[in-house]
Amino acid sequence: MKSILVLLTISPLLLAQPPAAKPKVEGPWMDKSLSPDKRADLVIAQMTLAEKIQMVHGIGWGALRPGSAVPPGSNEGAGFVPAIERLGIPAINLADSAVGVRMSAVESRYGTLLPSTLAAAASFDPDAAYLYGSVIGRELRAQGFNMSIGGGVDLVREPRNGRNFEYAGEDPVLAGIMVGQLMKGLQAQQVMGDIKHYALNDQETGRGILNAIMDKRTMRETDLLAFQIAIKLAQPAGVMCSYNKVNGDYACENDYLLNQVLKKEWNFQGWVLSDWGGTHSTNKAALAGLDQEMPGDRFFGVPLEKAVDSREIPEARLNDMVHRILRSMFACGVIDNPPVRTVVDPFQGRDDAQHIAQESIVLLKNESALLPLNAARVESIALIGSHADVAVLSGGGSAQVDPPGGDPVTHHQGVSPWMHPVWFPSSPMKYIRAHAPHAAVEYNDGSDPASAAKLAQVSQVAIVFVNQYMSEARDARTLALPDNQDALVSAVAAANPNTIVVIESGGPVTMPWIGEVKGVLEAWYPGIGGAQALSAILFGEVNPSAKLPVTFAKSDADLPHPQVTGIDLKPAGHPPAFDVNYTEGLKVGYKWFEAEHKEPLFPFGYGLSYTTFAYSGLRPDGAAHTVSFTVKNTGKRAGTEVAQVYAMLPAAAGEPFKRLVAWQRVSLEPGESKAVTLAVDPLYLSIYDTEKDGWQLLAGDYQAMVGPLTSAFHIAQ
Ligand code: BGC
């Protein structure tokens, strides 16, 4: 030992040298007692024009484009803004991380696949959403990233939109609160968050060329309200503007969206970054409120520098862009407490993902109380379809997470393929077998309905897994399940009276076989703990509590647009620009079904439990903006009810449908009752008055609804 010590003291050059510590920058902006805004201003006072320009555009894609050069300092995520080392300002390393950190495998890293964001919204649990964000933030930090690009909060206005699994449902209050909580949890890990895609990127078909047409009141009460709520809750560092046009102007150069609403009215302090390649101009975009071109320098590189030199763009505007970025870096702690690379904890990630999945899986049908299955009694289970022997499905596009150890179905390893289904090693069969050790559990891949039916016929219970793969850049043509899976379910159900269907989907699907099966579980894309969560619910270890964050229609014909607008435009890849006219206006999701008197297959907010609940004593208070009631567990199992409060506005509002205005998860033992009082934010009861250009809480008679109860209340002038 002594000789080693001697060696260490006398021959340090023989040892590997640690990287030279970067000289510590001691500018006054490093004083943590100053406000983020003050600190940003102190930095800006020292910056050259070139440094400012460097900050307002990124270098893109990192390793996303195989063979492309990776700039020094890049962590190889989807975006990178180089450091300004002389001032102690670190690089911004951004990673796609909607449902987990993307592109981990290729970097020899690990990223937990969470249930889809839509699944998390089904939990109606703000704490689960916060946890969701914490997992992403924790793993981004561990991987060396200091900014997330996730936080999708576009409304599910078009149920066939390929990215609905990245969003939080059709209701602006639910979506806004859940994504706001998610972003809060993420930013609490000292990683900058972003909320996207602002705005009206409600379908993928033609997203780069379409012009979304929507009147102001509709925008403010629906799609924009979700952003407003999420931004207020989380104060995210970034807002990503979307590819599409909104009422004639690209979202990334839309003065109304960026300057007037986001920055002025909502007082958003962070910066606006364009979706990748979504910047279309220099002067128009800069003056409309875009703060950063991502990625590339086509508009916010030399052209912006020239525009500032020639005073077409005031230098104050450039300073404002830089200020917004720097103040967010200080506010989120990425300068004072930069990420330290470490090993992601996959077990913690899986446990968290499983917890969220257990709160996200919706029990849609349970005839004759077939579920939960009795592990002691069940002797044989036929497990059919969707690779349920080895895997669960994930969503595609920039939200794609890499399966650890490769895809157990396709055996693909490394960068996950774009727009091809990617399966995760979470085996429903393994956990079903673990729950029912005495049962014979046999698998049939479902490719031949007749052979699947044969297995079902000789089994006590048949569980058919069906799936709908969804991805960025493409919408589904229909809500119907693809690949003949409806016929598979019908064939199995005809062979076995105890058929349960488990759906892994990006959003709502149709179920022509609903009358033929006894049980249905909507599992969404359930994440890396999906198999454990599903079997815990199938066998009653967990009592389901989730509720639908989207309406399930009986058919495409019942939707506001029987087809996704533009889906048939030719040529397929490069159709001419087109308008998407959202003529349904305020009637999004359940509001459409109610106002149009259409009966859905399953309504928004619907979901069963293994116990039953009763409501009593509904008392809304129009002056205090509260709603009180009592919930009782009237069944034999402990369970959690998501008590949802809806309001119907006075007739003068012209809104012939209810709105979700508050909710709470209430956990109850059998026979237990709880009195609940919920505050209702007056904003959620208000309408957007376009004449006054502001929100208005109308005086008049309202109705409050919870469970089966309705009660009138009055709001005075
Ligand atoms: C997507 C964004 C994503 C970006 C970077 C775009 O195609 O719309 O959501 O963050 O790519 O990968």
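All of the numbers you see were taken from the coordinates with simple rules; none came from a lab. These figures come from a predicted structure and were not determined experimentally. Note that each Cβ is placed from the backbone with ideal geometry, even for glycine, and that neighbours are counted across all protein chains shown.
Observations on the structure shown:
- This ranking places R39, R433 by how few other beta-carbon atoms lie within 10 Å of each, fewest first, which gives R433, R39.
- Computing FRET efficiency as 1/(1 + (r/R0)^6) for D309 and V106, where r is the C-beta to C-beta distance and R0 is 25 Å, gives about 0.05.
- Positive dipole terminus of the chain, leading residue within N337, S108, S394 (C-beta point charges): N337
- Length added when fully stretched, K232-A712, from 0.36 nm per residue minus Cα-Cα: 169.8 nm
- 3J(HN,Hα) couplings calculated from phi for region 245-255 with the Karplus curve 6.51 cos²θ - 1.76 cosθ + 1.60 (θ = phi - 60°) are, in sequence order, 8, 10, 6, x, 10, 4, 4, 8, 9, 10, 4 Hz; Gly and Pro show x.
- Helix runs (DSSP H) in the chain reaching 20 Å along axis by Cα, Kyte-Doolittle at least 0.0: 172-187, 315-332
- Ranked by how many other beta carbons lie within 10 Å on average, peptides 485-495, 180-190, 654-664 from highest: 180-190, 485-495, 654-664
- With N counted as the residues of region 558-717, its alpha-carbon radius of gyration over 2.2 N^0.38 Å works out to 1.30.
- Extension gain (nm, one decimal) between A487 and R86, 0.36 nm per residue minus Cα-Cα: 137.8 nm
- With a Förster radius of 22 Å applied to the C-beta separation of A651 and K216, the computed FRET efficiency comes to 0.50.
- Here D297, D445 are placed in order of increasing Cβ neighbour count within 10 Å, fewest first, which gives D445, D297.
- Rg/Rh ratio calculated on Cα atoms of region 521-591 (Kirkwood radius): 1.16
- Each peptide in 386-398, 216-228, 192-204 was scored by the mean count of other Cβ atoms within 10 Å over its residues; highest first, the order is 192-204, 386-398, 216-228.
- Relative contact order computed over the chain (Cα-Cα under 8 Å; 6+ residues apart), in percent: 14 percent
- For a label point 7 Å along the Cα-to-beta-carbon line of K454, residues of region 367-385 with backbone N under 18 Å: 381-385
- Residues whose placed amide H lies under 5 Å from that of N444, excluding near-sequence neighbours: L383, I384, G385
- Overall Cα dimensions of the chain - principal axes, largest extent first, Å: 81, 73, 56
- Close amide H partners of V661, meaning residues 5 or more places away or on another chain with modelled amide H under 5 Å apart, are V645, Y646, A647.
- C-alpha center-to-center spacing [region 249-283, region 581-608] in angstrom: 30 Å
- The 3J(HN,Hα) values that the Karplus relation (6.51, -1.76, 1.60; θ = phi - 60°) gives for region 422-427 are, in residue order, 10, 9, 10, x, 9, 8 Hz. Gly and Pro appear as x.
- Checking Cβ-Cβ separations below 4.7 Å across the chain identifies C332 as cysteines lacking any candidate disulfide partner.
- The ranking of H420, H280 from fewest to most other beta carbons within 10 Å of each one's beta carbon is H420, H280.
- Paramagnetic label zone (point 7 Å from Cα along Cα-to-C-beta, W266; backbone N under 12 Å) in region 141-165: 152-155
- Per-residue Karplus couplings for region 372-380, computed as 6.51 cos²θ - 1.76 cosθ + 1.60 with θ equal to phi - 60°, are listed in order as x, 5, 8, 4, 6, 9, 6, 9, 8 Hz, Gly and Pro entered as x.
- Length gained when the stretch K598-N581 is fully extended (0.36 nm per residue, less Cα-Cα span): 4.0 nm
- Kirkwood Rh in Å, taken over region 434-528 so that all alpha-carbon pairs contribute: 14.0 Å
- Rounded to the nearest 20, the size of the Cβ-charge dipole of the chain about its Cα centre is 1160 debye, with Lys and Arg at +1 and Asp and Glu at -1.
- For the chain, the mean residue ellipticity at 222 nm estimated from helices alone is -7000 deg cm²/dmol, where every DSSP H run of n ≥ 4 contributes -39500 (n - 2.57) and the total is divided by all residues, rounded to the nearest 500.
- For region 46-173, average projected area of the Cα convex hull in nm²: 10.0 nm²
- Amide H partners (placed H, <5 Å) of T112, local residues excluded: V101
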